[in-house]
Structures are given as C-alpha cells and as structure tokens.
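First up is the structure itself, then whatever we jot down about it.
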Amino acid sequence: MNAIAIKAGRSSPEVIDVDVPDPDDGEALVRTLRVGIDGTDFEVLEGNHGGFPDGEDYQILGHEAVGVVDDPNGTDLEEGQLVVPTVRRPPDGSNDYFERGEPDMAPPDACLERGIDGAHGFMSEYFTSPAEYLIPVPTAFAETGVLVEPMSNTAKALEHAFASRSMFDWEPDTVLVLGNGPLGLLTLAMLDSTVDRSYCLGRRDRPDPTIDVIEELDATYVDSRETPVSEFAGVHEPADLVFEATGYAKHAYETVDALAPNGVGVLLGLPGDWTFDIDGGRLHRELVLENKALLGSVNSHVRHFESATESLERLPDWFLERIITDTYAPSEVDDAFTDDDDRIKTVVEFDTL
Ligand code: NDP
Ligand code: ZN
C-alpha cells in the first residue's frame, strides 16, 4: 500500500510502498480516508520535533486522520464505522498515565505520538490501532473528521482553563485568540457561542482568507504589527480568556498584560529557544494581585475527542468549507507539503466513503 513517509537524512516526504498492517489482538484495521497536515508535520520534517520509531529508517507521517473500520478484528467496533484515532500510545506495554486514561498528561518520555514521535502515523492507505483509541464519529464527518484531532487539543486546553477558574463565579465575556492558523481559527469558531466578543491576532495584510474567516465569525482582527499583545487591553479591552496558538514565545508573557483581572491565559504554541528581556517582576506581581492564571496544555484524549466531535457538529458549513482549503492525492505529496498564505488546512485524501 502507499504511505507518505520521511526517510532518514531527508527533509521532504515521499510516497513509499509498505505492507498493509496486520491488526494485533484488541486492534482494528482502518481504511484511511483523509489525513490533515499541520505545523507539527513540518517540524517533524525539519527534524525539530519527535523521532523515528525504534530501529526504523523512516517514519510514516500524519496524526490528524479519519477513516473507516475495515476489519474490527473481534473488537467492539463495527465494519464501516467512521473513526478518528487519538495520537498518543504507550512506549512499552503501558504506564500509569495510560492506565488512568490520561495519556495527554504524560511527559514526553512516557508516551509515543503516532506520526510525530517514535511511532508511525496515519498517512497510509490502512492503519491499525487499539480499538480504545479509535473514536466513532458520524458518517457525515468523512471529509471534515480530520478537524477532530486539532479541535480536541482546544477542547482539552479550554477544559483546563475553565477548571482553573472554577472556584469562583467566572463567566468569560471576551476572548483573544493569538494566531490565525488552523488551530486559532478552529478555536475562534468553537468559542463563538461561549463569549460575547472575540478577537483574533495575526500579522497579515488584507486580502487574506484567514482575516475573511475571522470577520465572518464577527470577531475583530488584530494585527500584531500595529497592536502588539502587550498593548491589546489598552487599545481594545482586557480579555477574560487568552488562547495562544502562535508559537511566538513573547506572547506567553504578553498574555499577562492582555488579560482582565481573574482571567486565564492558556498556551499551546511550541516555540524554539529564544532569549529576550521581560519585566518579570511586574508580570509576577500582576499575576498575583489580579488573580490571573497562565497554563500550558498539550495533546488530548478520548473525552476531548468526543467533545470535539460534538463541537464539529455545531460548526457552520460555510466555515468548514473555508477551513479545508486544499485536498491532494497521495501522489501529489510535493504539492501537499507546500505551505503558503492562501492555505488554511491541507488534507491528503487516500479514499472516499
Ligand atoms: P500555524 O503555524 O499554522 O499557525 C500559527 C499562526 O500564528 C500563523 O498563522 C502565524 O501567522 C501566526 N503568528 C505567528 N507569530 C505571530 C505574531 N508574532 N503575530 C501574529 N501572528 C503570528 O500553526 P497551528 O495553527 O497548526 O498551531 C498553532 C501553534 O500551536 C503551533 O505552535 C503548533 O505547534 C501548536 N500546537 C500545539 C498543540 C498542543 O496540543 N499544544 C496542538 C497543535 C498545535 P503567519 O502564517 O502569517 O506567519
Ligand atoms: Zn495536529
């Protein structure tokens, strides 16, 4: 079968021929429909993130998949059921995080990530997975199901953010989403019915497809070249919730300035090393005196995928049509992995229902 993989010593992916995998006990065989591409895949290609499976000289890419159960192999799944796989797997056997059903809380050395770190991904005509990590989704998700995984990361981050404010009366009126990539735009849409006013930060000139989506969602576009995050509260209004999805390290600290008293900032971006000056004393004081919270969040697990599935059902069609901008066949791998500003979410389509 065809798979899209990165080989050792290379920086661009290629189509390779591998055997259709055999499901082990407890695993199902899934026929892949679509796999989404995101910034993490590019980091894997550049060798900045993750690593190959032990003893292999290539890694199959892809962690945002939707497929159809081809062989339930004695599991509770049914043939023909549409499923979305979770990403994390235990390194050897299992460990406490997986046994507790909380692999998303495992530190990096206590988990593998399919398509990212130490395990093959889902960018192949078929893949296998333990049935417990395959989330059933409605048949209507055959094209859009690739969005469940990124949305599940938001679902987890918001769960933690709201939990951190759960000991007092807190109802966010305003949200500032930092970043107009797929994660930022999906988050903006997911929060549409939760807050009264939303803002989304980018650094692009008009016309731009992401700014169009932001405005269609009735959110305000904030250009960081004109209004840095540290000045956001003065120019617009302090935000009850800040959701960082830029990977721009200064935003982690500037978030404290953008927050309203009692607000929470949740950080998802994955920056490289960067040393810069900040007034740490002032930010520390503000966090304390204004009861602000700042927290990091990575990955997601079954209940976040289920919550993301419910959220995806509520997203309007126009939004979904505008988010998935490019669809390629596996043979068009070079085009699929080209990045430009006209694209929001690119998917590789292996098959249709
Ligand atoms: P993208 O790289 O597609 O999106 C990031 C966006 O932020 C881009 O549109 C970029 O604009 C914008 N941006 C970056 N710096 C600035 C700035 N200084 N001012 C304004 N806008 C800026 O990534 P994704 O949307 O896929 O993901 C967002 C981040 O979250 C990434 O760092 C990713 O690694 C991380 N991530 C984390 C997860 C987690 O579980 N914690 C899960 C998934 C992703 P432009 O395109 O114009 O450069
Ligand atoms: Zn992703």
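The values are calculated or read from the model by the stated rules, or taken from the named source; none is laboratory data. No experiment lies behind these values; they were computed from the predicted model shown. As a convention, Cβ positions derive from the backbone with ideal geometry for all residues, glycine included, and neighbour counts pool all protein chains shown.
Within 27 Å of residue 85 (Cβ to Cβ), touching a residue at least 40 places away in the same chain (Cβ under 8 Å), aliphatic (A, V, I, L, M) and surrounded by 21 or more Cβ atoms within 10 Å (Cβ to Cβ) - does that describe any residue in the stretch 250-268? If you could, list the steps in order and put the result at the bottom.
Filtering the stretch 250-268 down to residues within 27 Å of residue 85 (Cβ to Cβ) leaves 266-268.
Retained after the next criterion (residues that are touching a residue at least 40 places away in the same chain (Cβ under 8 Å)): 266, 268.
Then keep just the ones that are aliphatic (A, V, I, L, M); that gives 266, 268.
Next, from what is left, pick out any that are surrounded by 21 or more Cβ atoms within 10 Å (Cβ to Cβ): 266, 268.
Yes, some residue in the stretch 250-268 is within 27 Å of residue 85 (Cβ to Cβ), touching a residue at least 40 places away in the same chain (Cβ under 8 Å), aliphatic (A, V, I, L, M) and surrounded by 21 or more Cβ atoms within 10 Å (Cβ to Cβ).
Could you tell me whether the stretch 24-34 includes any residue that is within 16 Å of ligand 2 (Cβ to nearest atom), of a type in the set (Ser, Thr, Tyr) and modelled with pLDDT under 95? I'd like the intermediate steps shown before the answer.
Residues of the stretch 24-34 that are within 16 Å of ligand 2 (Cβ to nearest atom), as a first pass: 32, 34.
When the remaining residues are screened for being of a type in the set (Ser, Thr, Tyr), the result is 32.
Checking the rest, the ones that are also modelled with pLDDT under 95 come to none.
Checking the stretch 24-34: not a single residue is within 16 Å of ligand 2 (Cβ to nearest atom), of a type in the set (Ser, Thr, Tyr) and modelled with pLDDT under 95.
How do the helices (runs of 4 or more DSSP H) wholly within the stretch 195-271 filter down when requiring 3 or more residues that are more than 25 Å from residue 151 (Cβ to Cβ): which remain? Show your work before the answer.
Working: elements: 209-216, 232-235, 250-258.
Counting at least 3 such residues, we get 232-235, 250-258.
Which residue is surrounded by the most Cβ atoms within 10 Å (Cβ to Cβ), if the candidates are limited to the stretch 29-69 and must be more than 16 Å from ligand 1 (Cβ to nearest atom) and assigned to a loop (DSSP other than H, G, I, E, B)? It would help to see each step written out before you state the result.
So the first thing to find is which residues in the stretch 29-69 are more than 16 Å from ligand 1 (Cβ to nearest atom), and the list is 29-34, 51-60, 66-69.
Adding the requirement that they be assigned to a loop (DSSP other than H, G, I, E, B) leaves 52-57.
Working: 52: 18, 53: 15, 54: 10, 55: 5, 56: 15, 57: 10.
Per the criteria, the residue is 52.
Before we move on, is residue 210 under 20 Å from residue 153 (Cβ atoms) and exposed (fewer than 15 other Cβ atoms within 10 Å of the Cβ)? Please lay out each step first, then the result.
Values: under 20 Å from residue 153 (Cβ atoms): yes; exposed (fewer than 15 other Cβ atoms within 10 Å of the Cβ): no.
So residue 210 fails the test.
Criterion first (closer than 29 Å to residue 334 by Cβ and of a type in the set (Ser, Thr, Tyr)) does residue 75 satisfy it?
Numbers: closer than 29 Å to residue 334 by Cβ: no; of a type in the set (Ser, Thr, Tyr): yes.
Considered against the rule, which asks whether it is closer than 29 Å to residue 334 by Cβ and of a type in the set (Ser, Thr, Tyr), residue 75 comes out as no.
Restricting to the stretch 80-110, name every residue that is in contact (Cβ under 8 Å) with a residue 40 or more places away in the chain and of a type outside the set (D, E, K, R).
Residues of the stretch 80-110 in contact (Cβ under 8 Å) with a residue 40 or more places away in the chain: 81-89, 101-104.
The answer is 81, 82, 83, 84, 85, 86, 87, 101, 103.
Across the stretch 320-339, which residue is nearest to residue 143 (Cα to Cα) among those that are of a type outside the set (A, V, I, L, M, F, W, C) and out of contact with any Ser or Thr (no Cβ under 8 Å at 6 or more places or on another chain)?
Step one: list which residues in the stretch 320-339 are of a type outside the set (A, V, I, L, M, F, W, C), which gives 321-322, 325-328, 330-332, 334-335, 338-339.
Then keep just the ones that are out of contact with any Ser or Thr (no Cβ under 8 Å at 6 or more places or on another chain); that gives 321-322, 330-332, 335, 338-339.
Numbers: 321: 10, 322: 13, 330: 16, 331: 19, 332: 18, 335: 19, 338: 21, 339: 21 Å.
So the residue we want is 321.
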